[in-house]
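So the structure is just underneath, and the comments pick up after that.
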Amino acid sequence: MCIFVKIYLLVNIICYKFAAFSICNFHIENTQLIVKSLNYSQMKATDVLADLKRRFPNEPEYLQAVEEVITSIEDTYNEYPEFERYNLIERLCIPDRIYSFRVSWVDDAGKVQNNMGYRIQHNNAIGPYKGGIRFHSSVNLSILKFLAFEQTFKNSLTTLAMGGAKGGSDFSPRGKSDMEVMRFCQAFITELWRQIGADTDVPAGDIGVGGREVGYMYGMYKKLARENTGTFTGKGREFGGSLIRPEATGYGNVYFLLSMLATRGIDIKDKKVAISGSGNVATYTAEKLLQLGAKVVSMSDSDGTIYVPDGITQEQLDYIFKLKNIYRGRIREFAEEYGCEYFEGERPWLRVKCDIAMPSATQNEIDGDDARALLAQGCIAVSEGANMPSTPEAIKEFLAARILYAPGKAANAGGVSVSGLEMAQNSQKLSWSAAEVDAKLKDIMAEIHHQCELFGKEADGYINYVKGANVAGFMKVARAMMAQGIL
Ligand code: NDP
């Protein structure tokens, strides 16, 4: 090769290396600058909310749930600049994925009916997606997104390895025959079965979905997936269900209440407790309260409230259980049977005199006026069996009055906790005794209370359970997400 060509090539290589080095250096410096500036940026809950409102304007329940959580974790979040650097908050608020589908089924008259079905897989940083299925005419994307978001923090609090999810349909089992419910459940699962699995996403019950519906859905799942690994929780005892799972949400809520009362040295005995709802959570809350000597003065359904000032008896509670689960009747029939007061079309809170309120029906069932009425007549504690039953205005009233107030994600976490224990039993192909499961449930509820105290105790000693539950639930998910990278 001639000398001139050699010199030409050498100069080219040097220039190329120098350029590459400069570009590389420029890139590194720029990246450092960007990272440095991001290091100092803080998450502003109001900005995150404004952005979510712009993107999801028609989802009020979802936005309400997000607002409650991110305003109470804002300070803690900003103590870790790396969270904001990785835009953790947005990745935590927006679900991993959403499935929506049409469910077509044939009613008893031979008519084809169409409903919407959904599954929100919100976050699986700490374990497989886990959360109930709701069948109610009010179900929409906003309600399921709020429930899946809440479930993520609740499941984190349980100390078990479960991510957050929720699903459901605008199908209402009310007034439907057993065969119609079965056909609907089978059609629903025919669409959903590919997305769920024992280590992927494990559904359970919620409003309108009890043992009957879980049985039908699990049966169809098993047939399609050709496996017998659990996948649903809340199953019948004969095919992998856990003892104490039906009781767990209600019992767990009472255990949590006992821990709260203990912080003030208050005894549950003879306390008047107002309960809303007459479904799974409400009836087992009432059962445990009666065992402990408290007086259950009200229960309700979506048509009205019964009021028994001296407290219902165990025999009357058995009647309600049969009325709701076997005859699928209305709470009004209890008033007709026992001659007590019945408030048509009303919730318990404005009329019923109580020391403690345990809302166990649905979201936003205690508004500001209800909260003020409860406080005015001396209510000392509110422990939520339902998910987000108190409006933001009601929560403000409870916190300002410094009463014992437990948000659902802490107080009703017993249900999903025993679901987690059902998953563990299914994996081991074992079945634990009722006493064993109940003891574990008590331990878990005590631990949740401890975490709330740890993260929620204020300077004057008041325990802000909202802040405590949100921060404790958030930190575990946040750490898991950081460790696993941007997904
Ligand atoms: P059920 O379907 O067994 O019972 C729901 C009760 O609430 C029924 O009495 C129902 O009345 C009443 N209700 C439902 N919607 C409304 C409404 N819009 N207005 C007034 N009353 C209403 O459901 P669960 O007991 O399982 O669930 C109750 C709450 O607890 C829900 O918020 C659920 O998300 C929450 N929860 C449930 C868990 C579980 O393990 N089941 C776990 C954690 C939380 P009607 O019969 O007239 O519809």
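The values are calculated or read from the model by the stated rules, or taken from the named source; none is laboratory data. Since the structure is predicted, the reported quantities are computational estimates derived from the model, not experimental observations. Methodologically, a virtual Cβ is constructed for each residue, glycine included, from the backbone with ideal geometry; neighbour enumeration extends over all protein chains shown.
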Within region 151-173, does at least one residue satisfy the condition of being surrounded by fewer than 24 Cβ atoms within 10 Å (Cβ to Cβ) and within 11 Å of the ligand (Cβ to nearest atom)? yes
Do we find a residue being within 24 Å of Y327 (Cβ to Cβ) and modelled with pLDDT of 95 or more anywhere in region 220-234? yes
Helices (runs of 4 or more DSSP H) enclosed by region 1-112 - at least 1 residues per element that are among the aliphatic types (A, V, I, L, M) and modelled with pLDDT of 95 or more: 45-55, 60-78, 88-93
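Here is a yes/no grid of residues against (1) buried (at least 19 other Cβ atoms within 10 Å of the Cβ); (2) within 16 Å of the ligand (Cβ to nearest atom); (3) among the small types (G, A, S); (4) over 27 Å from R134 (Cα atoms):
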residue	(1), (2), (3), (4)
E384	yes, yes, no, no
A400	no, no, yes, yes
P407	yes, yes, no, no
S417	yes, yes, yes, no
A434	no, no, yes, no
I448	yes, yes, no, no
F455	yes, no, no, yes
D460	no, no, no, yes
A478	yes, no, yes, yes
Name the residues in region 225-247 that are touching a Ser or Thr at 6+ places or on another chain (Cβ under 7 Å) and either under 14 Å from R194 (Cβ atoms) or part of a helix (DSSP H, G or I) (or both), would you? R245
Residue check, D75 against (1) surrounded by fewer than 15 Cβ atoms within 10 Å (Cβ to Cβ); (2) touching a residue at least 24 places away in the same chain (Cβ under 8 Å); (3) not β-branched (V, I, T), all met but one. Which one? (2)
Count - residues of region 276-329 that are within 12 Å of the ligand (Cβ to nearest atom), assigned to a loop (DSSP other than H, G, I, E, B) and among the polar types (S, T, N, Q): 3
Considering only residues that are more than 9 Å from the ligand (Cβ to nearest atom), among the hydrophobic types (A, V, I, L, M, F, W, C) and in a helix (DSSP H, G or I), which ones fall in region 134-150? L141, I143, L144, F146, A148, F149
Run down L88, L92 and say which single residue is closer than 22 Å to I196 by Cα and either surrounded by 13 or more Cβ atoms within 10 Å (Cβ to Cβ) or among the acidic types (D, E) (or both). L92
Hand me the list of strands (runs of 3 or more DSSP E) wholly inside region 337-386 holding 1 or more residues that are among the β-branched types (V, I, T). 356-358, 381-383
For region 255-272, which positions are within 16 Å of the ligand (Cβ to nearest atom) and touching a Gly at 6+ places or on another chain (Cβ under 9 Å)? Y255, F256
Scan region 248-271 for residues that are in contact (Cβ under 8 Å) with a residue 24 or more places away in the chain and in a loop (DSSP other than H, G, I, E, B) and jot them down. T263, R264, I266, I268, K269, D270, K271
Scan region 330-352 for residues that are more than 11 Å from the ligand (Cβ to nearest atom), touching an Asp or Glu at 6+ places or on another chain (Cβ under 9 Å) and not aliphatic (A, V, I, L, M) and jot them down. Y342, E344, W349, R351
Any idea which of (1) over 14 Å from the mean Cα position of the chain (by Cα); (2) among the acidic types (D, E); (3) within 23 Å of M388 (Cα to Cα) is the one D108 doesn't satisfy? (3)
Filter result for A413 (of a type in the set (A, V, I, L, M), within 25 Å of I268 (Cα to Cα) and within 16 Å of the ligand (Cβ to nearest atom)): yes
Reported set for region 205-220 where residues are of a type in the set (S, T, Y) and either surrounded by fewer than 23 Cβ atoms within 10 Å (Cβ to Cβ) or within 15 Å of the ligand (Cβ to nearest atom) (or both) is Y216
Take D310 and tell me if it is surrounded by fewer than 22 Cβ atoms within 10 Å (Cβ to Cβ), among the acidic types (D, E) and over 23 Å from A262 (Cα atoms). yes
